[in-house]
Amino acid sequence: MESVACELQRIEGWTVAMSNNYWDEDEDDIDTDIESSGDGTDLLKKLRKAKRADEKRIKELEEKVNSFSKIENERSVKSILEKQGVNPKAARLILKDLDEVNENTVNDWLVENGDLFGIEVSKDAPAVSDETRQAISQQDSITQGAKTPDRGEDLELRIDQATSPEELNRILFSQ
């Protein structure tokens with residue numbers, strides 16, 4: 001009985017199956033490496049060593065990311081302090097107190113602790129000059145009693161002011 005996948009031969013009373021699959025010789029090394037380890041302890045040692053190397057690399061990368069984020073936070077706080085007119089050396093104190101650094105948290109910290117540096121930061125709207133307030137008051141008084149035309153009144157005015165039938169048609173059919 002002969003099959004395509006293997007050949008059976010009788011050698012000294014034993015039936016031996018031989019495969020018709022021919023493997024590349026390069027792949028033979030893979031099997032011998034695994035088989036040479038015997039009970040697999042050599043392979044486990046290699047895996048553990050690779051795992052330790054990966055863990056060490058992860059730790060180094062985490063340290064780099066932490067140092068970069070610390071530097072970025074320092075830069076952010078210093079730029080915010082310079083915008084506020086505060087000495088950038090205050091950044092060291094702010095960074096110790098804040099977990100998350102953004103403009104709002106730094107401004108909040110300055111409102112709470114600004115007296116340490118002799119500054120007062122108000123959370124209110126920015127100061128408005130007297131001239132600006134007078135101009136706004138003037139605009140309010142002028143517009144307060146004014147009547148704004150609504151769309152219907154505006155259309156009626158345009159129809160009344162039309163001088164030709166073409167203009168009247170343009171006004172009526174454009175709406």
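Each value in this text was obtained by applying a stated rule to the coordinates, not by laboratory testing. Predicted model, so just to flag it, every value in this text is computed and none were measured. No Cβ is skipped: glycine too gets one built from the backbone with ideal geometry, and neighbour counts run over all protein chains shown.
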(request) Counting other beta carbons within 10 Å of each Cβ, put Phe68, Phe173, Phe117 in order, fewest first. (result) Phe173, Phe68, Phe117
(message) Between Asp42 and Ser79, what is the label-point separation in nm under the 7 Å Cα-to-beta-carbon projection?
(response) 5.7
(message) As an exercise, use a Förster radius of 41 Å and the Cβ-Cβ distance of Asp130 and Thr163 to find the FRET efficiency, rounded to the nearest 0.05.
(response) 0.25
(message) For a Förster distance of 25 Å, can you work out the FRET efficiency between the beta-carbons of Thr105 and Ser137, rounded to the nearest 0.05?
(response) 0.10
